[in-house]
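Reading through the structure tokens given below for one structure.
The values are calculated or read from the model by the stated rules, or taken from the named source; none is laboratory data. Since the structure is predicted, the reported quantities are computational estimates derived from the model, not experimental observations. Reconstructed Cβ throughout: ideal geometry from the backbone, glycine too, with neighbour counts over all protein chains shown. These area figures cover heavy atoms from the full protein model, side chains too; ligands, DNA and RNA do not enter into them. Shrake-Rupley method; radii C 1.70, N 1.55, O 1.52, S 1.80 Å.
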Amino acid sequence: MANYTKKVLSITLQELMKEKPLNDITVQELVDQASMNRKTFYYHFHTLSDLLKWCLKEDLKPLKINLSHPKLWSDHVKSILYFLKDNKYFFYSMHYSNYDSEMRLYLKELTEQTVALYENQTWQNFISKQKYQAELTDSQRNYIVKFFSGALFTLIEDWFLSGMNEPIDAFIIILKKLINQNICHTYKVFIEG
């Protein structure tokens, strides 16, 4: 029953976010729209921010689960892009509110997990093809992940904020050109000093 109530509050909040800015939505308005009372809301959440965090965790859960399936990194990113586009009212409303940092944190985490998965696969392929013993420290590899995931996050954020007008498949092609092979080049730069 608890998850059902949380889901109703989540859906109601997302519907309200299509009608008005998130900063203008009150707990009272939310519970009235959901046909609940304030006590019910506060039983499950302390603040609207807590509800938003729950929405993000629940809504992004399928994208995180996908990270455990062996796919191309670009397929993971494509899933994120479609999710953003399909839920644009929710994310635009969050972006233009006091809760922007919550959204950015979750999306940044998703892109970092995606790049970390890709970097690990790329590293395994890279060392298997080298004629000499190639070694990078965990710290060096972590810098590589942070660099490429930061760049990827920034490009996704720019695409989102510019209205998501560029077709997703065309955007993915650009991202592939920027990321594929560049991680291997970065490995060589670190190894060769």
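The table that follows gives values for the structure above.
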read-out: Ile11 accessible area, 1.4 Å probe, all protein chains in place, Å² to nearest 10; value: 90
read-out: Accessible area (Å², 1.4 Å probe, nearest 10) - Asp59; value: 30
read-out: The stretch 147-193: C-alpha gyration tensor shape, a/c 1.5 cut-off, then a/b vs b/c; value: oblate
read-out: For the chain, Kirkwood radius (reciprocal of mean inverse C-alpha pair distance, Å); value: 18.6
read-out: Solvent exposure ordering (accessible area, 1.4 Å, most first) of Arg38, Arg104; value: Arg38, Arg104
read-out: Candidates per trypsin sites (Lys or Arg not before Pro) in the stretch 126-183, loop by DSSP, up to 15 other Cβ within 10 Å; value: Lys131
read-out: Extension reserve of the Ile11-Asp100 stretch, reckoned as 0.36 nm per residue once the Cα distance is removed; value: 30.1 nm
read-out: Angle in degrees between helix 100-129 and the longest Cα principal axis of the chain, rounded to the nearest 10; value: 20
read-out: In degrees, nearest ten, helix 138-161 long axis to first principal axis of the chain (Cα); value: 50
read-out: Where His95, His76, His46, His185 fall by accessible area, highest first, once all protein chains stay in place (1.4 Å); value: His46, His185, His95, His76
read-out: Heavy atoms of Ser93 accessible to a 1.4 Å probe, total area in Å² rounded to 10; value: 10
read-out: Solvent-accessible surface ranking, highest first, for Tyr82, Tyr89, Tyr96 at 1.4 angstrom; value: Tyr96, Tyr89, Tyr82
read-out: Principal-axis tilt of helix 168-179 within the chain, Cα atoms, nearest 10 degrees; value: 40
read-out: The chain: relative contact order as a whole-number percent, Cα under 8 Å and 6+ apart; value: 23
read-out: 18 Å reach of a label modelled at Gln181, 7 Å along Cα-to-Cβ, counting backbone N of the stretch 127-168; value: 127, 129-130
